[in-house]
Amino acid sequence: GYWVRHVREAVRFSDAVVTLHGCGVSTFLEVGPDATLTAMAADTPADRPVQQIPALRRDQADTTALVTALARLHVTGTSVDWAAWFTGQTGQLPRTVDLPTYAFQRRRYWLLDTPSAAPAPPNTGGSEIDERFWAAVEQEDLAGLGEEFRLEADQPLGVLLPRLARWRRAGRQRSTVDSWRYRVDWEAVPDADGTLSGTWLLLVPYAGVDDALLATVTDGLTAAGAKVRRLVLDGPADDRELVAKALRAAGEVAGAVSLLSLSGASVPEALATVQALGDCALNGRVWWLTRGAVAVGGSDAPVDPVASATWGLGRVAALEEPRRWGGLVDLPQTLDARALRRVCGVIAVGVEDQVAVRSSGVFVRRLVRAGSDP
């Protein structure tokens, strides 16, 4: 009878996934030969970020696919028994290593082999001549250069040669130092057309913010499709327990937008709020709005130190709470409807987590090489 029903009746796979969503399940692991069910589960709407992970894939080697699945489970918050995995693979317990504290020490910690060096450029016939010339310059071989260029003994190459050697050495040093230097740059990106869904929590400080600003943000989120629920804290935001209690009372939400820093909240208040978000296990991600925290171009006003410090805290929160932290959005001095549509687009897409919205467009934070001035 079971198999007859299995063949004749609807499977109701989507209903099962929706039920699991309602039970709070946010990670699905498909144990099978391919990602068929993973793709079907991804088509089922959810009111929160959901991870669908296949254990095996038809187009990948089994070991590669399985390790990739375990890694995705690990980085999205699922506990993985790595000791059991490595013991099963190698017959011995794994050994941990210290990771670099500085991101650009140029030491690799990956399991894969180091990529092979790029192929050497074709020999155009000038490299040997260049090497011989610069070797003579650095050694200040006046006789050798004079013979190479067929110079007479009284021609003033001896004055130029030491300067040329110093210039060559300085250029090499500058090139080496340039390879170590980086700076923050802001890259313009197209506006995103994003739609929000579900109920969104608007965190409002007890001291309040400008009524016009509050109305603009509320109207903008509503226009983007969100049902806005304001949560006005009835005490200082540096009281972790107070904030957590208020968040628990807010119920289920799709995400949250914080206006706390727009009222001049300090870093301790932002820290207590972030900790409270973890204490109450708020569903959805939290987006933190600031103003004057970063300077995108020369037309921006001087950076506000308090708001800038809040960005430092937010970058740490993004690393420690990747499933709960949405990102930082710095607002323009004049927040009109167009700017707010851009903010809502950033939040809806959710790809960039360090964004500055200005009257001229949307800018994202990038780390680029910074060469020294000539």
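The values are calculated or read from the model by the stated rules, or taken from the named source; none is laboratory data. These numbers were taken from a predicted model, which means no experiment stands behind them. Here Cβ is always computed from backbone atoms with ideal geometry, including for glycine, and neighbour counts include all displayed protein chains. Ligands, DNA and RNA are excluded from the accessible area calculation, which covers all protein heavy atoms including side chains. Shrake-Rupley method; radii C 1.70, N 1.55, O 1.52, S 1.80 Å.
Convex hull volume of the Cα atoms of region 295-374, normalised per residue: 130 Å³.
Each label point was placed 7 Å from the Cα along the Cα-to-Cβ direction; for ALA249 and ARG315 their separation is 3.6 nm.
What translational diffusion coefficient, in µm²/s and rounded to a whole number, does the Stokes-Einstein relation yield for region 1-59 at 10 °C and a viscosity of 1.306 mPa s, taking the hydrodynamic radius as the Kirkwood radius over Cα pairs? Stokes-Einstein gives a translational diffusion coefficient of 126 µm²/s. What a 1.4 Å probe finds exposed on region 230-272 is 51% carbon and sulfur by accessible area, rounded to a whole percent. Under the simplified labelling scheme, the LEU99-VAL184 pair shows an inter-label distance of 2.1 nm, with each label point 7 Å from Cα along Cα→Cβ.
Roll a 1.4 Å probe over the protein chains and send me the accessible area per residue for region 26-78 in Å².
Details: 3090 Å² over 53 residues.
Per-residue accessible area for region 26-78 comes out at 58 Å².
Between the beta carbons of SER175 and TRP85, assuming R0 = 51 Å, the FRET efficiency works out to 0.70 to the nearest 0.05.
Computed over region 177-295, the percent of Cα pairs more than 19 Å apart is 52.
Using a 1.4 angstrom probe on heavy atoms only, work out the carbon and sulfur share of the accessible area of region 290-337 in %. So the carbon and sulfur contribution to the accessible surface is 55 percent.
Could you do me a favour and compute the accessible area per residue for region 285-374, 1.4 Å probe, result in Å²?
Numbers: 4270 Å² over 90 residues.
Accessible surface, normalised per residue, equals 47 Å².
The order of HIS21, HIS6 by accessible area, most exposed first and with a 1.4 Å probe, is HIS6, HIS21. Using a probe radius of 1.4 angstrom, the carbon and sulfur fraction of the accessible surface of region 1-40 is 64%.
Send over the per residue convex hull volume for region 214-354, Cα only, as a whole number of Å³.
Details: hull volume 14.9 nm³, N = 141.
Dividing the Cα hull volume of region 214-354 by its residues yields 105 Å³.
Taking amide H positions as modeled 1.01 Å from N, with prolines and chain starts lacking one, the residues under 5 Å from GLY198 and 5 or more places away or on another chain are LYS227.
Principal semi-axes of the equivalent ellipsoid, √(5λ) from the alpha carbon gyration tensor of region 301-342, are 23, 16, 4 Å from largest down. For the pair VAL31 and CYS280 in one chain, pulling the backbone fully straight at 0.36 nm per residue adds 86.5 nm over the alpha carbon distance. In this structure, the amide hydrogen of TRP325, modeled 1.01 Å from its nitrogen in the peptide plane, lies closer than 5 angstrom to those of VAL286, counting only residues at least 5 positions away or on a different chain.
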